[in-house]
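I have placed the structure first, in the form of structure tokens, so that the comments after it can refer back to it.
The values are calculated or read from the model by the stated rules, or taken from the named source; none is laboratory data. Model, not experiment: these values are computed from the prediction. Every residue, glycine as well, gets a Cβ built from its backbone with ideal geometry; the counts of neighbours run over all protein chains shown.
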Amino acid sequence: MIYEGKASYNKNFLFVIATFFLCLYFLISPLDMMLNITGSGTITKYVGVILIGICLILMINRRLVIHWDLTIIGIVILMYTSITFYFSNWPYISLSRMITFYNLMALFLVIINVGFQAKYKKWVINSVIASGVVISLYLIINYEELILNRTGRVTITTENGGFVDPNSLAVYLCISFIFCVDRLLNELGKLRRILILISTTLIILAILFTGSRGGMLSLLVAISCFVLTYIFQWEIRRKNIVNLFYILLTIVIFLIVSNTLLPKELIERFSFSNWTSDGGSDRTLIWKLTIENLLEKYLLLGSGVGTFPYVFEYHVGWFKVAHNTWLELLIEKGIIGLSLWITLIILLFKKAIKNKESTIIVLLISIIVAETFLSAEVSKHWWNTLMLSMLYTKEIYHKKIS
């Protein structure tokens with residue numbers, strides 16, 4: 001249901017301000033850990049709080065596009081997360097995670113229910129692409145200075161020891177890549193296409209530099225999904241099949257050239273033998289031990305929000321995160337909590353399919369794959385994916401009622 005209040009200059013001005021902060025949020029999210037204000041949290045956090053405030057004002061002024069299904073399931077997830085707090089043997093850890101979770105869920109709920117105008121859609125997408133390009137250029141230009149260890153991997157670090165997890169950085173870059181491909185397939189101007197194609201190759205190179213195997217798998221899944229969705233929509237997108245072919249050809253050539261230029265140790269990291277030899281940096285071992293030692297005990301109700309590393313250490317004697325969002329949700333929130341999250345994801349897929357938004361289908365599938373190798377319930381790249389999947393969809397935009 002769509003509600004329309006009286007149009008006014010103040011409302012339109014607030015809409016522009018809200019869109020500005022929304023674009024800023026997506027632009028700086030990948031650098032969240034870097035933009036830390038000592039003792040106060042991150043700049044991204046404050047941008048999010050300001051954005052929530054502006055959106056609430058717009059909602060009070062009846063600028064709404066209410067999605068009851070997503071809103072209800074979001075509130076239920078929020079409530080059940082609160083309940084799992086009482087199952088936790090580490091209340092301070094759970095409380096800290098809950099506060100972060102509340103902030104992210106509040107932002108998600110107000111974003112999907114504010115009627116953002118369709119003309120601002122490109123602003124949001126351009127901010128996601130710009131973020132990926134800027135970060136990619138920084139990693140590529142400063143590659144020698146940013147190498148983490150002998151594996152040749154790079155990430156963004158600070159003098160005080162702060163850094164962005166290269167695997168998380170790769171997921172952010174993959175999101176930018178997906179929207180670059182979308183723009184390439186739908187942009188008419190030749191100059192713009194060339195610029196976006198250059199941006200796409202820079203982002204792919206940066207993903208390789210992070211050495212993230214999960215990120216590279218997510219990238220390959222995204223490419224495969226784009227091919228499949230366009231094949232199934234042949235009659236609708238026949239002209240774009242040629243564009244997609246040229247994009248794929250460019251990517252293949254680029255990957256072949258990169259294989260000869262990248263450090264040997266970095267190339268070896270992506271090999272299947274390397275993956276099997278170290279078990280995905282011990283991921284398969286962690287998953288195996290979790291299933292053997294934790295699953296039966298916490299399957300129904302969970303161990304409590306944010307407690308996985310502590311529960312794992314208590315039962316296994318090894319302090320580790322799950323490196324698998326879905327397994328972590330299952331242990332922390334039980335089958336009930338995981339089922340609620342799956343319901344939310346299914347609803348997002350249904351809306352994308354209903355509106356024939358193939359780019360969002362690709363985005364959701366590829367990022368779900370990426371999160372299988374990360375613990376990402378409160379990671380901004382996961383929540384950005386959820387918000388973008390609605391911001392991109394036609395249903396969210398405000399429509400005037402004559």
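Is it the case that the stretch 56-76 has a residue that's modelled with pLDDT of 85 or more and in contact with a strand residue (DSSP E or B) (Cβ under 6 Å, 6 or more places away or on another chain)? No, the conditions are met nowhere in the stretch 56-76.
The lone criterion from (1) farther than 17 Å from Arg97 by Cβ; (2) assigned to a helix (DSSP H, G or I) left unmet by Leu300 is number (2). Checking Phe101, Phe87 one by one, the residue that is of a type in the set (Phe, Trp, Tyr), at pLDDT 85 or above and over 18 Å from the mean Cα position of the chain (by Cα) is Phe87 and no other.
Checked against (1) modelled with pLDDT under 95; (2) more than 26 Å from Gly48 (Cα to Cα), Ser339 passes all but a single condition, namely (1). Among the residues of the stretch 207-224, those identified as within 17 Å of the chain's Cα centre (by Cα) and not hydroxyl-bearing (Ser, Thr, Tyr) are Ile207, Arg213, Gly214, Gly215, Met216, Leu217, Leu219, Leu220, Val221, Ala222, Ile223. Taking the stretch 317-334 on its own, how many of its residues are of a type in the set (A, V, I, L, M), buried (at least 16 other Cβ atoms within 10 Å of the Cβ) and either modelled with pLDDT under 95 or out of contact with any Asp or Glu (no Cβ under 9 Å at 6 or more places or on another chain) (or both)? Here the count works out to 4. The C-beta contact set for the stretch 165-190 (first residue on the phi < 0 side of the Ramachandran plot and free of Cβ contacts under 8 Å to residues at least 12 places away in the same chain, second residue surrounded by fewer than 24 Cβ atoms within 10 Å (Cβ to Cβ) and not aliphatic (A, V, I, L, M), distance under 6 angstrom, 6+ apart or interchain) comprises Glu187/Arg193. All conditions but one from (1) surrounded by fewer than 19 Cβ atoms within 10 Å (Cβ to Cβ); (2) over 19 Å from Asp32 (Cβ atoms) apply to Phe116; the one that does not is (1).
On the stretch given as the stretch 313-336, residues that are under 20 Å from the mean Cα position of the chain (by Cα) and of a type outside the set (A, V, I, L, M, F, W, C) total 4.
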